[in-house]
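The values are calculated or read from the model by the stated rules, or taken from the named source; none is laboratory data. Bear in mind the structure is a predicted one, so any value in this text is a computation, not a measurement. Positions of Cβ are generated from backbone atoms using ideal geometry, with glycine treated the same way; all protein chains shown enter the neighbour counts. Protein only, heavy atoms only, side chains kept; ligands, DNA and RNA dropped before computing areas. Shrake-Rupley method; radii C 1.70, N 1.55, O 1.52, S 1.80 Å.
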Amino acid sequence: FVCAILTFFQVRDLKAGEALNRPLFTWMNTGTYEFDQLQLKIPITLRADHLTALMLLVVTSVGLLVHIYSVGYMHGDGGYYRFFAYLPLFVFSMLMLVLADNYLLLFVFWEAVGLCSYFLVGFWFHRETANNAALKAFWVNRVGDVGFGLGTMLVWTTFGTFTFTEVFKQVEERFSAGDITKGTITAICLLLFCGSVGKSAQVPLHVWLPDAMEG
């Protein structure tokens, strides 16, 4: 939370569209070959702009309060240590999701958030209702995430990159030049939005949320 506050003040004076970038390491690099000049290079880079800074404050402040509350609420529970393995993993996944600088890294931690939701909703697995609720949440979210995954693939096949800044730049340049149609851009946006529909329990993928309250 303290780091989030410091980041907020760091990005506060940035202009619209600017961001702080911190490359960490290269996750994948296929190289280029004679028969295929397309190179798949996926760096692990942290990116913080105005929206990121705001979401970092939300995740870490709420996460801090949840952790403090849970120390007392889970006291004496047989799964105390298991719970405090799941909860920080959930927060870490959310932080990496909002700090990602490319669609593939975003997708990976989007799925990690879904996995942690499954763990926490079904935490008291000795209850049949909790198990059923966890499975329902997992599968309904998979429906939305199929769309998210297809959208991510379409980003790669259309732009040859997953990095946000490169994609946004190409959208402006190539759309103006007529190289990309409105239909392609609309399809990408709708497919990516499918993930949000599932994760935030919007109609019609809202059916998992009432049962999840069991967990």
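Sub-7 Å Cβ pairs linking a first residue in the range 3-24 that is closer than 20 Å to Gly63 by Cβ to a second residue that is β-branched (Val, Ile, Thr), at least 6 apart or interchain, are Ala4/Thr60, ordered by first then second residue.
Leu104 meets each of the listed conditions (1) assigned to a helix (DSSP H, G or I); (2) more than 11 Å from the chain's Cα centre (by Cα); (3) not acidic (Asp, Glu) apart from (2).
What pairs come out if I take residues in the range 61-88 that are closer than 23 Å to Phe8 by Cα and pair them with residues that are surrounded by fewer than 11 Cβ atoms within 10 Å (Cβ to Cβ) whose C-beta lies under 7 Å away, six or more apart or interchain? If the second residue must be surrounded by fewer than 11 Cβ atoms within 10 Å (Cβ to Cβ), no pairs are left. Selection within the range 26-54: residues that are open to solvent by 70 Å² or more (accessible area, probe 1.4 Å) and at pLDDT 90 or above. The member of this set that is farthest from Phe109 (Cα to Cα) is His50.
Pairs linking a residue in the range 186-209 that is hydroxyl-bearing (Ser, Thr, Tyr) to a residue that is crowded, with 19+ Cβ neighbours inside 10 Å, with Cβ atoms under 9 Å and 6 or more positions apart or on different chains, are Ser196/Gly144; Ser196/Phe148.
The condition of being over 11 Å from the mean Cα position of the chain (by Cα) and polar (S, T, N, Q) holds for only one of Ser93, Ser117, that being Ser117.
Among the conditions (1) of a type outside the set (Lys, Arg); (2) loosely packed, with under 13 Cβ neighbours inside 10 Å; (3) in contact with a strand residue (DSSP E or B) (Cβ under 6 Å, 6 or more places away or on another chain); (4) over 21 Å from Thr161 (Cβ atoms), Thr7 misses just one, which is (2). Mind telling me which of the residues Thr129, Thr157, Thr181 ends up being over 18 Å from the mean Cα position of the chain (by Cα), under 28 Å from His67 (Cβ atoms) and hydroxyl-bearing (Ser, Thr, Tyr)? Selected residue: Thr129, the only one of Thr129, Thr157, Thr181 that is over 18 Å from the mean Cα position of the chain (by Cα), under 28 Å from His67 (Cβ atoms) and hydroxyl-bearing (Ser, Thr, Tyr). Evaluate the following for Glu214: is it over 20 Å from the mean Cα position of the chain (by Cα), in a loop (DSSP other than H, G, I, E, B) and at pLDDT below 90? Criteria met by Glu214. When the range 106-120 is filtered for residues that are in contact (Cβ under 8 Å) with a residue 24 or more places away in the chain, open to solvent by 20 Å² or more (accessible area, probe 1.4 Å) and under 13 Å from Ala212 (Cα atoms), the ones remaining, listed by number, are Ser117, Phe119, Leu120.
Considering each residue of the range 121-154, count those that are in a helix (DSSP H, G or I), over 27 Å from Val167 (Cβ atoms) and open to solvent by less than 10 Å² (accessible area, probe 1.4 Å), and give that number.
Of the residues in the range 121-154, 4 are in a helix (DSSP H, G or I), over 27 Å from Val167 (Cβ atoms) and open to solvent by less than 10 Å² (accessible area, probe 1.4 Å).
State all residues of the range 162-194 that are open to solvent by less than 70 Å² (accessible area, probe 1.4 Å), farther than 19 Å from Val146 by Cα and in contact with a helix residue (DSSP H, G or I) (Cβ under 9 Å, 6 or more places away or on another chain); if no residue qualifies, say none. Within the range 162-194, Thr163, Phe164, Val167, Gln170, Val171, Arg174, Ile180 meet the criteria.
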